[in-house]
Structure formats: structure tokens, C-alpha cells
1. Restricting attention to the range 299-342, which residues are among the polar types (S, T, N, Q), open to solvent by 60 Å² or more (accessible area, probe 1.4 Å) and over 28 Å from Ser156 (Cβ atoms)?
2. I'm checking my understanding of the structure. Among residues of the range 200-218 that are within 13 Å of Glu236 (Cα to Cα) and not charged (D, E, K, R), which one is most open to solvent (accessible area, probe 1.4 Å)?
3. Under the condition of being part of a helix (DSSP H, G or I) and of a type outside the set (Ser, Thr, Tyr), which residue from the range 235-262 is nearest to Ala313 (Cα to Cα)?
4. Find the helices (runs of 4 or more DSSP H) located wholly in the range 126-234 whose residues include 2 or more that are farther than 24 Å from Val20 by Cβ and of a type outside the set (S, T, N, Q), and list them.
5. Quick one: which helices (runs of 4 or more DSSP H) lie wholly within the range 6-124 and hold at least 2 residues that are more than 26 Å from Arg164 (Cα to Cα), out of contact with any Gly (no Cβ under 6 Å at 6 or more places or on another chain) and open to solvent by 20 Å² or more (accessible area, probe 1.4 Å)?
6. For Met201, only one of the following conditions fails: (1) in contact (Cβ under 8 Å) with a residue 12 or more places away in the chain; (2) of a type outside the set (Asp, Glu); (3) more than 21 Å from Glu13 (Cα to Cα). What is its number?
7. Please specify each residue of the range 245-260 satisfying the condition of being touching a helix residue (DSSP H, G or I) at 6+ places or on another chain (Cβ under 6 Å) and either over 28 Å from Glu206 (Cβ atoms) or open to solvent by less than 40 Å² (accessible area, probe 1.4 Å) (or both).
Amino acid sequence: MSMIQHTERLLGESPSFMEVLDLVSQVAPLSKPVLIVGERGTGKELIASRLHYLSQRWDQEYLKMNCAAISETLLETELFGHEAGAFTGASKMHRGRFERADRGSLFLDELANTSAQVQEKLLRIIEYGEFERVGGNRTLTADVRLIAATNEDLPSLARRGKFREDLLDRLAFDVITLPPLRARPEDIPILAEHFAVNMAMELEREYFPGFTNAAQEALQRYHWPGNIRELKNTVERSVYRSGSPDAAVDLISIDPFESEFRPVRTNEAKTTGEETVPEPESGTDTPLPTGNDFPIDFKNSVREYEINLLNKALTKSQFNQRKTAELLGVTYHQLRGYLKKYHLSGN
């Protein structure tokens, strides 16, 4: 595939997004490992593809693997291969991703899900370019540019002993942190139009008539916890549900589960140890941690809790910032500070 095919969906004009693209352009020509960090749905895989196709390895193999989508046992053989007879069912030799990506790039998504044993082997191949197939004793070499991605706070995991600090040091030659969609409000109309036009083409409609003002406001008001992936699903669903192909889309269908016939949960409580924790309603925020949930990432938990409170208050006040400040018991200027801190759009 051409480089254009891999980069055309990276749409946006916001300053935070343009900074990311600038950093990608700077680091892409190097053969150093790069770590991509971002919330779910922010486009980490697209950034990884751009890193490869803007590098001098663009015409070599580019392989991808989601580390969370495969069992720990198979992950090691998928990455490093195995010799015939290495385990039951291994009837012939298998070349792993590193071996097949020699002189090219390998993208590993959800890297935080890897075991200590896999992390140790990753460290060795990054440091020396050496590895052995599972069940083998012959040292092999591979020249692979590693691009990794995660939605976890790896430094925090490393401090808690859940991720190797030396591997993190090697991976983090440079770190590209993707802004969430709520920090790119000016890009929402651009992305929404793109997804809508593509959906209209898929439905074999002659053109996309656009969004009404009410629909545009609804797209801007929502905080998009699922980021670009959620926006894409929402826009495509709204386009196909729209009654007339010639009328502008007016109703934005954000929650596909919304229905008057939706099953209602009982008010039963879960009992966990000595504490009784109410079952959260579908679509609500994650409950506060109980004693059995520790250790936690304190800083990230507080951040998520504050963001949830802000979004709830903004929605209840219909995005009137002075009313929002009253609901939260803070001053208007304090609220503005919180919105700026978390890149929230108060409209």
C-alpha cells in the first residue's frame, strides 16, 4: 500500500494535533524505538503507520500485533517464533514477527499486557537485536524498528513493579502522547464530515447533505470518552438512521442502547469482603475503588473523577459555565481553570 493510503485518515487542524504530526515527522526517519501513548480510540495505530511510512524503511515489512488479543503462551511464539517440537502441536518451525519484520518495522499495541518473560526478551532484542526462537538455542538477529503503544501510564506501572523499568527506558527514546478528542474541539466537525461522507458513499447516496445546527451543537457538547472511534461510530449510525438522504442529519445517535424498553437493573448490591458496594448503572462512571481494589494509580483516579464530575455538571447546566460553577461550589474562575487543565470544552 502507498504512504498516502496510510496517512489520509489523520485529519485535524487543532494545535495539539499539529504538534503531534510535527513530532512524528521529526522522529520517523530514525531507527529508534518510539512509544505512543493515548486513550482508547485516539488513533495510535494510524500514528504508528505514519511513523513507518515516513521512515526509510517504508518499502520493507510493516507488521502489527495487539498484545492484548493473544494469550501469554502464544504471544512469545508469535513474537519470536518457535522450533519444530518446541511444544505439543509444534510440528514445524515458525518464524516470529521480529524475524519476519527484519529491516522493517513492528508495531506492538497494548504493550502493558505483556508478561515479565516477554518483556525481558523485548529488552534484549531492542538492546542487541538478538533473540532465540522458543525451544531453540541458536541466537538469531533482526534489525527491526519497534513502535509500541499503550493506553496505560507505564511509568506508574514500572514504579509498582508491573512493568520493567529498564525496558521502559529503552522504549521511551521518544514518547508521542496523543491528545483526546475533547482537547481537539475544532477537529470534531472535520472528522464528523469525513465519516459522514464515507458513510453516505457506503449507503450509495449521491451526496451528504450536512448536519443541522442542532446536530453540530450535539457533536460539540459531548465529551467523547471513546474519542475518534466513538465519533466515527456515532456519525455513521446517525447518517444511516436519518430518514431522508436529501435532508441534513438532525438527530445524533450517541447511545445505541438508548430505548424505553432497555432492561433496568435491580438495586441489588455487590458484597465484596467487608464492604457493600452498589452496582453501578449502565453508562455511569466507574465506582470509587474499594479496599480490595488497591493498589491504584491515585493521580489518574483523581483526574478521572474530577473530569466525570465536570462533565456531569456541564451537561446538567446545559454548558452554562456560571451555572456549572454554582453546581460544583466553585468560583467561575476556578471552573475555567479546571476546564483548561483537562482540556474540556465548556462551550
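1. Residues satisfying the conditions are Thr315, Gln318, Asn320, Thr331.
2. For the range 200-218, the residue satisfying everything is Met201.
3. Filtering the range 235-262 for residues part of a helix (DSSP H, G or I) gives 235-241.
Those still in the list that are of a type outside the set (Ser, Thr, Tyr) too: 235-237, 239, 241.
Details: Val235: 25, Glu236: 28, Arg237: 27, Val239: 29, Arg241: 30 Å.
Step by step, filter the range 235-262, then rank; the result is Val235.
4. Values: elements: 154-159, 165-171, 188-202, 213-221.
Counting at least 2 such residues, we get 165-171, 188-202, 213-221.
5. Details: elements: 15-27, 44-53, 72-80, 97-100.
Result: 15-27, 44-53.
6. Failing condition for Met201: (1).
7. Here is the first cut: in the range 245-260, the ones touching a helix residue (DSSP H, G or I) at 6+ places or on another chain (Cβ under 6 Å) are 249-250, 252-254.
Scanning the range 245-260 gives Val249, Ile252, Ser253.
Each row is one residue, and each column tells you yes or no for (1) charged (D, E, K, R); (2) at pLDDT 95 or above; (3) at negative phi; (4) touching a strand residue (DSSP E or B) at 6+ places or on another chain (Cβ under 8 Å).
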| site | (1), (2), (3), (4) |
| --- | --- |
| Gln60 | no, yes, yes, yes |
| Leu63 | no, yes, yes, yes |
| Glu72 | yes, no, yes, no |
| Gly81 | no, no, no, yes |
| Gly85 | no, no, no, no |
| Ser91 | no, no, yes, no |
| Arg97 | yes, yes, yes, yes |
| Ala112 | no, no, yes, yes |
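The values are calculated or read from the model by the stated rules, or taken from the named source; none is laboratory data. Predicted model only: the values in this text are computed from it and were never measured. Methodologically, a virtual Cβ is constructed for each residue, glycine included, from the backbone with ideal geometry; neighbour enumeration extends over all protein chains shown. The accessibility values were calculated without ligands, DNA or RNA, using every heavy atom of the protein model including side chains. Shrake-Rupley method; radii C 1.70, N 1.55, O 1.52, S 1.80 Å.
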